[in-house]
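Asker: The following block contains the structure, expressed as structure tokens.
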Amino acid sequence: QVQLVESGGGLVQAGGSLRLSCAASGNIVSIRFMAWYRQAPGRQREVIAGIFSDGMSDYTQSVKGRFTISRDNAKNTVYLQMNALKPEDTAVYFCNAELRSGPDARNGNYWGQGTQVTVSS
């Protein structure tokens, strides 16, 4: 059974940094795409960064230049380095992966449980 487990959230002052990690485990054959989403109270979940297996990545405009997504394919892990954090970055951050798993390499889309990031002003 595939699981995504996030870590690294917490409370930080504005201007500070945090690094989130998301490790995928289970009978994984390959991971095509991994992404970070966030959901603030009262708002819809939004994608903020994504990265393909070849390293190509993209970001939503609000985090460009401040956040960096990376991945370690050998560890099935994706990271999000967040710098110059702002109070409006406060949200629950979720990891998402499109991957193949199991003996038949079935496609699937999976979510982590989320990790809270709180930025104080």
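Asker: Return the residue satisfying two criteria in turn: it lies in region 58-72 and is open to solvent by 60 Å² or more (accessible area, probe 1.4 Å) and under 14 Å from the mean Cα position of the chain (by Cα), and of such residues it is nearest to SER17 (Cα to Cα).
Answerer: It comes out as THR68.
Asker: Anything in region 49-86 that is of a type in the set (A, V, I, L, M, F, W, C) and in contact with a Leu (Cβ under 8 Å, 6 or more places away or on another chain)? List them, or say none. Before you say what the answer is, go through the steps one by one.
Answerer: Keep residues of region 49-86 that are of a type in the set (A, V, I, L, M, F, W, C), which gives 49, 51-52, 56, 63, 67, 69, 74, 78, 80, 82, 84-85.
Scanning region 49-86 gives ALA49, PHE67, ILE69, LEU80, MET82, LEU85.
Asker: Look through region 72-101, keep the residues that are touching a strand residue (DSSP E or B) at 6+ places or on another chain (Cβ under 6 Å) and acidic (Asp, Glu), and return whichever of them is nearest to GLN39 (Cα to Cα).
Answerer: ASP89
Asker: Condition first: out of contact with any Phe, Trp or Tyr (no Cβ under 9 Å at 6 or more places or on another chain), in a strand (DSSP E or B) and hydrophobic (A, V, I, L, M, F, W, C). Now tell me which residues in region 93-121 satisfy that.
Answerer: VAL119
Asker: Now for a different question. Being touching a residue at least 12 places away in the same chain (Cβ under 8 Å), closer than 19 Å to VAL5 by Cβ and in contact with a helix residue (DSSP H, G or I) (Cβ under 8 Å, 6 or more places away or on another chain) is true for just one of ILE51, ILE31, ILE69. Which residue is that? Break it down into steps so the answer makes sense when it comes.
Answerer: On the way: ILE51 fails: in contact with a helix residue (DSSP H, G or I) (Cβ under 8 Å, 6 or more places away or on another chain); ILE69 fails: in contact with a helix residue (DSSP H, G or I) (Cβ under 8 Å, 6 or more places away or on another chain).
Exactly one of ILE51, ILE31, ILE69 is touching a residue at least 12 places away in the same chain (Cβ under 8 Å), closer than 19 Å to VAL5 by Cβ and in contact with a helix residue (DSSP H, G or I) (Cβ under 8 Å, 6 or more places away or on another chain), namely ILE31.
Asker: Follow-up. Name the single residue that is most open to solvent (accessible area, probe 1.4 Å) among those in region 73-92 being in a strand (DSSP E or B) and farther than 23 Å from SER30 by Cα. It would help to see each step written out before you state the result.
Answerer: First, the residues of region 73-92 that are in a strand (DSSP E or B): 77-82, 91-92.
Retained after the next criterion (residues that are farther than 23 Å from SER30 by Cα): 81-82, 91-92.
Details: GLN81: 60, MET82: 0, ALA91: 3, VAL92: 40 Å².
Selected residue: GLN81.
Asker: Something else: Looking at region 1-42 only, could you name the residues that are open to solvent by 30 Å² or more (accessible area, probe 1.4 Å) and not in a strand (DSSP E or B)?
Answerer: Those that are open to solvent by 30 Å² or more (accessible area, probe 1.4 Å) and not in a strand (DSSP E or B): GLN1, GLY8, GLY9, ALA14, GLY15, SER17, GLY26, ASN27, PRO41, GLY42.
Asker: Now for a separate question. Do any residues in region 97-121 that are open to solvent by 60 Å² or more (accessible area, probe 1.4 Å) and basic (Lys, Arg) have Cβ atoms under 6 Å from those of residues that are at pLDDT 95 or above and not in a strand (DSSP E or B), where the two are at least six apart or on different chains, and which pairs are they?
Answerer: none
The values are calculated or read from the model by the stated rules, or taken from the named source; none is laboratory data. Just so we're clear, the structure is a prediction, and the values are computed from it rather than from any experiment. Neighbour counts are summed over all protein chains in view; Cβ atoms, including those assigned to glycine, are modelled from backbone coordinates with ideal geometry. Quick note on the areas: whole protein, heavy atoms, side chains included, nothing else; ligands and nucleic acids left out. Shrake-Rupley method; radii C 1.70, N 1.55, O 1.52, S 1.80 Å.
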